[in-house]
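S.K.: Below is a structure I'd like to ask you about.
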Amino acid sequence: MKIFVYNKSMKKYNAAIIGTGRIGFSLGFDKKREKPASHSFALYENSQINLVAACDTNLENLNRWQAKFSKASSFSSIDDFFAYGKTLPSGQFDIVVIAVNEESHLECALRAISEKPRLVILEKPVALNMDEAEKIRLASEKNGVPILVNHERRFAEDYKIARLWMDKIGDIQNVNARLYSGLRVYRKEDENTGYYSLIHDGTHLVDIVLYLLEKLSPDQRSILKNPKLINIYKDKDDAVRNLSVHFESESCSDVTVSISGRSRFFAFEIEVTGTEGRIIIGNGYARIYRRKESRLYSGFYSLARWRTVKFPKKTRYFSNMVQNAVDFLDGRCELRSTLQTGINALSILEQMKDFILIK
């Protein structure tokens, strides 16, 4: 068992970011989102991190970032960006965040890994496909560079509480994971950009199912298996708008993942039903129910809200992610969202996509 030693020196780490668009920067200004809401602001607000540089070929985004973080440096050239890192006392950035669009993950990840920072934070999904993910994995192992994947719900306080209660609701009978949005589930023309909900948002849905079931399964690489198509719906332009796939796991024989791309709203929800209770958690809400003597029928038991279980108002999803990176570098804990867990999610998504391609 690995023992982590707390670093009393509270060492500071130099962090830099590639990509100053929405998730990298601008979502931090969304008045409705829980703050911090982007990589840049989450890094900036951590007391152990110095946000020292950013890189983006989009000069408009980069200039807005520079105006906000005037003490840091900005670069439109990735070569100049990493050359600047070599001028730092440590000889390189400690943390490099990759917050670019999906089609650029492979190129930026391989370049960042080759520079050997102490840690790479990679925005989800790991890559466009498993072939690209494997190249990133091999580079990570060859260069000894650990990678934290930003599947943000693994760091959120509400999902952490839900996971703690997974073995308190009895044997798991079924898991239903549902995602609704207006973005098409899949279209072949989008393969090279990743701009379809199966991979863009579905990666979060699949990853959180794996996260919840990990506690109950000893083999994390095969938590979901035996996929079977339930339903597929395509529109007149041959874009997939609905997809439902059934899986099995060692702890539950009934796991359904459903993604809709024709809804006029965005919704994300996981429902886990056990023999003794139920967990329902989604964007902005979380509830736990338990078996209790029914108020309606004599001799029956019903599900009642377990009101003593308190969920926090702030999930701290972004700040907890950055803190996990800092604690890892301090030697205090392991990464909670790794390259392997990210690849596990991508593998499931590719199995789901296979049903589309053979139809």
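S.K.: List every residue pair whose Cβ atoms sit under 7 Å apart, with the two residues 6 or more apart in sequence or on different chains, where the first one lies in the stretch 58-74 and is under 19 Å from Ser104 (Cβ atoms) and the second, anywhere, is modelled with pLDDT of 95 or more and part of a helix (DSSP H, G or I).
M.R.: That search, which allows pairs on different chains as well, returns Trp65/Ser40; Ser74/Leu62; Ser74/Trp65; Ser74/Gln66.
S.K.: Conditions first: (1) of a type in the set (Gly, Ala, Ser); (2) touching a residue at least 12 places away in the same chain (Cβ under 8 Å); (3) farther than 30 Å from Gly28 by Cα. Gly342 passes all but one, so which condition is the exception?
M.R.: (3)
S.K.: While we're looking at this one, here's another question. Using the structure shown, decide if Arg291 is among the basic types (Lys, Arg) and over 21 Å from the mean Cα position of the chain (by Cα). Don't jump to the end; show me each part of the working.
M.R.: Numbers: among the basic types (Lys, Arg): yes; over 21 Å from the mean Cα position of the chain (by Cα): yes.
Yes; evaluated as a whole, the condition is true for this residue.
S.K.: Can you give me the number of residues within the stretch 40-69 that are within 14 Å of Phe25 (Cα to Cα), surrounded by fewer than 18 Cβ atoms within 10 Å (Cβ to Cβ) and of a type in the set (Gly, Ala, Ser)?
M.R.: Number satisfying all stated conditions: 1.
S.K.: Enumerate the pairs (first residue in the stretch 319-336 and assigned to a helix (DSSP H, G or I); second residue anywhere and of a type in the set (Ser, Thr, Tyr) and open to solvent by less than 50 Å² (accessible area, probe 1.4 Å)) with beta-carbon separation below 7 Å, excluding pairs fewer than 6 apart on the same chain, so at least 6 apart or on different chains.
M.R.: So the pair list comes out as Val326/Tyr13; Leu329/Tyr13.
S.K.: Somewhere in the stretch 298-317, is a residue assigned to a helix (DSSP H, G or I) and either closer than 30 Å to Pro146 by Cα or in contact with a strand residue (DSSP E or B) (Cβ under 7 Å, 6 or more places away or on another chain) (or both)?
M.R.: Applying the first criterion (assigned to a helix (DSSP H, G or I)) to the stretch 298-317 yields 317.
Pick out the ones that are also either closer than 30 Å to Pro146 by Cα or in contact with a strand residue (DSSP E or B) (Cβ under 7 Å, 6 or more places away or on another chain) (or both) and you get 317.
Yes, that holds for at least one residue.
S.K.: Something else about it: Within the stretch 104-115, can one find any residue that is part of a loop (DSSP other than H, G, I, E, B) and either closer than 23 Å to Leu335 by Cα or open to solvent by 40 Å² or more (accessible area, probe 1.4 Å) (or both)? Steps first, answer last, please.
M.R.: Just the residues of the stretch 104-115 that are part of a loop (DSSP other than H, G, I, E, B), to begin with: 115.
Checking which are either closer than 23 Å to Leu335 by Cα or open to solvent by 40 Å² or more (accessible area, probe 1.4 Å) (or both) leaves us with 115.
Within the stretch 104-115, one or more residues are part of a loop (DSSP other than H, G, I, E, B) and either closer than 23 Å to Leu335 by Cα or open to solvent by 40 Å² or more (accessible area, probe 1.4 Å) (or both).
S.K.: Quick check on the stretch 26-34. Is at least one of its residues over 21 Å from Asn14 (Cβ atoms), without any contact (Cβ under 8 Å) to a residue 24 or more places away in the chain and surrounded by 17 or more Cβ atoms within 10 Å (Cβ to Cβ)? Before you say what the answer is, go through the steps one by one.
M.R.: Going through the stretch 26-34, the residues over 21 Å from Asn14 (Cβ atoms) turn out to be 26-27, 29-34.
The next check asks that each one be without any contact (Cβ under 8 Å) to a residue 24 or more places away in the chain; those that pass are 27, 29-33.
When the remaining residues are screened for being surrounded by 17 or more Cβ atoms within 10 Å (Cβ to Cβ), the result is 27.
Yes - at least one qualifying residue is present in the stretch 26-34.
The values are calculated or read from the model by the stated rules, or taken from the named source; none is laboratory data. A quick note: this is a predicted structure, and the numbers were derived from the prediction, not measured. No Cβ is skipped: glycine too gets one built from the backbone with ideal geometry, and neighbour counts run over all protein chains shown. In case anyone asks, the SASA skips ligands and DNA or RNA and just uses the protein heavy atoms, side chains included. Shrake-Rupley method; radii C 1.70, N 1.55, O 1.52, S 1.80 Å.
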